[in-house]
1. All but one of (1) among the aliphatic types (A, V, I, L, M); (2) more than 16 Å from the ligand (Cβ to nearest atom); (3) outside any helix (DSSP H, G or I); (4) modelled with pLDDT of 90 or more hold for Val139; state the number of the condition that does not hold.
2. If I filter the stretch 201-214 for residues that are under 25 Å from Asp302 (Cα atoms) and outside the structural domain of Ala351 (by TED's automatic domain parsing), do I get at least one hit?
3. Output the residues belonging to the stretch 222-273 that are open to solvent by 60 Å² or more (accessible area, probe 1.4 Å), farther than 20 Å from Cys330 by Cβ and over 41 Å from the mean Cα position of the chain (by Cα).
4. From the set of residues in the stretch 181-197 that are within 15 Å of the ligand (Cβ to nearest atom) and under 13 Å from the mean Cα position of the chain (by Cα), which is surrounded by the most Cβ atoms within 10 Å (Cβ to Cβ)?
5. Just wondering, is there one or more residues in the stretch 77-90 that are closer than 30 Å to Cys203 by Cβ, of a type in the set (A, V, I, L, M, F, W, C) and outside any helix (DSSP H, G or I)?
6. Could you check the stretch 121-154 and list, in sequence order, the residues that are open to solvent by less than 20 Å² (accessible area, probe 1.4 Å) and within 28 Å of the chain's Cα centre (by Cα)?
7. Among what's in the stretch 198-221 and is open to solvent by less than 70 Å² (accessible area, probe 1.4 Å) and either within 30 Å of Arg134 (Cβ to Cβ) or in contact with a His (Cβ under 9 Å, 6 or more places away or on another chain) (or both), pick the residue that is modelled with the lowest pLDDT.
8. Select from the stretch 29-54 the residues that are open to solvent by 100 Å² or more (accessible area, probe 1.4 Å) and in a helix (DSSP H, G or I) and list them in ascending order.
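The values are calculated or read from the model by the stated rules, or taken from the named source; none is laboratory data. As the structure is a prediction and not an experimental result, all values here were calculated from the model. A quick note on method: Cβ atoms are made from the backbone with ideal geometry, for glycine too, and the neighbour counts reach across all protein chains shown. With ligands, DNA and RNA removed, areas are computed over all heavy atoms of the protein, side chains included. Shrake-Rupley method; radii C 1.70, N 1.55, O 1.52, S 1.80 Å.
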Amino acid sequence: MDEWMCGPNFLHLNEQEWPVDKATIDQKHENLERRKTQTVLVINMTVTPIECERFSKWRKLVRVTAYVFRYVQILKSKLMKASIPEDDVTLTPAELEKAEHYWTKEAQKGLKSRFEKGEFKTLTPFLDNKGIIRVGGRVENLVTSYESKHPALLPASHHIALLITRHVHEIGHPGVETTTAKTRRKFWILQGHRLAKTVKHRCVKCRSAECKRETQKMADWPSSRLAPHTPPFYYTSCDYFGPFQVKVGRNKRAKHYGVIFTCLNTRAVHLEIATDCSTMEFLHVLRRFFAVRGQPAQILSDNGTQFVGAQRELREMISGWSEDELKDFCAEKRVQWKFITPGAPHQNGCAESLVKSAKIAIKKAIGFSVYGRL
Ligand SMILES: [Zn+2]
């Protein structure tokens with residue numbers, strides 16, 4: 001209220017003691033002239049005489065380019081009134097090479113700035129006397145062509161990289177790795193492996209050659225394979241394998257056989273040895289098996305006719321079996337014996353595959369040495 005009635009305090013002081021206003025005006029900006037400015041954008045467009053995107057074959061692109069160069073050469077010669085080169089129908093290797101170099105340089109236009117910045121150091125690139133960026137490397141002393149020693153660097157995004165990869169792939173339709181390796185005989189395409197993968201994946205011939213064929217629908221599992229709550233070896237499959245040479249005396253050798261028992265549910269394995277081919281010996285084997293593992297409810301085995309294509313010894317042995325004797329023995333023990341259907345060895349595939357594993361294990365443990373008395 002005091003200030004309202006009497007004014008600000010500094011007015012009561014002498015004028016020299018009044019506070020000084022230090023506000024300054026930036027005269028530079030204040031007096032700046034405002035003019036209309038005009039911006040002009042200049043786009044430098046170079047029109048290429050041939051559009052490579054319109055070609056789907058590398059060979060055709062190179063040949064067309066070579067013919068265009070030849071036509072330009074003829075026009076130039078006419079203008080200069082020089083002698084016109086002979087009009088040969090077929091293209092010369094030099095003309096084709098010139099066309100290839102032209103497209104290589106066209107593709108490398110986008111790489112020039114990156115090359116000057118020092119990218120691709122791992123490839124040790126250099127500029128050759130024709131102005132093409134080539135890959136260096138440590139194979140200077142290799143006895144091969146200059147182009148395969150120093151392939152030209154190409155960006156994968158340019159259309160000719162795709163054409164070259166496709167051209168290489170279509171000779172024999174090799175896999176991704178081979179396509180990449182063959183491409184690198186002349187051109188080093190950045191991310192060429194990925195490009196080769198794309199080409200291979202899109203190739204119609206490769207897709208039709210490598211398509212998956214329809215397979216037979218597998219039948220349901222037999223009930224004996226699907227009894228998880230039964231004891232081990234309740235459902236058992238058995239098979240013979242061998243023979244193995246065994247030393248039985250000072251200078252005498254005999255053939256012994258391996259017998260494999262496998263549980264159809266747990267795939268547990270029990271191995272026994274049969275010293276000869278008789279039915280009696282097999283019954284001994286069975287007794288030993290029952291004594292250790294208990295009596296199974298069902299045993300599945302091959303039958304005589306099953307061994308038509310098998311080893312002679314095994315075939316003779318099984319044909320010597322008395323099926324009735326076996327069945328009688330098992331019936332007494334309350335064991336059901338089942339022979340698989342003739343001509344269907346896959347029905348006992350469970351045992352067959354484990355025979356293979358057992359044989360490999362025995363071979364690794366013993367090798368080619370003759371076994372002693374087992
Ligand atoms: Zn292919």
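1. Of (1) among the aliphatic types (A, V, I, L, M); (2) more than 16 Å from the ligand (Cβ to nearest atom); (3) outside any helix (DSSP H, G or I); (4) modelled with pLDDT of 90 or more, only one is false for Val139: (4).
2. No, because not a single residue in the stretch 201-214 is under 25 Å from Asp302 (Cα atoms) and outside the structural domain of Ala351 (by TED's automatic domain parsing).
3. Result: His229, Gln245, Lys247, Arg250, Asn251, Lys252, Arg253, Lys255, Ile273.
4. Filtering first and then ranking leaves Ala196.
5. no
6. Of everything in the stretch 121-154, those that are open to solvent by less than 20 Å² (accessible area, probe 1.4 Å) and within 28 Å of the chain's Cα centre (by Cα) turn out to be Val135, His150, Pro151, Ala152, Leu153, Leu154.
7. Applying the filter and picking the extreme gives Ala209.
8. Result: His29, Glu30, Glu53, Arg54.
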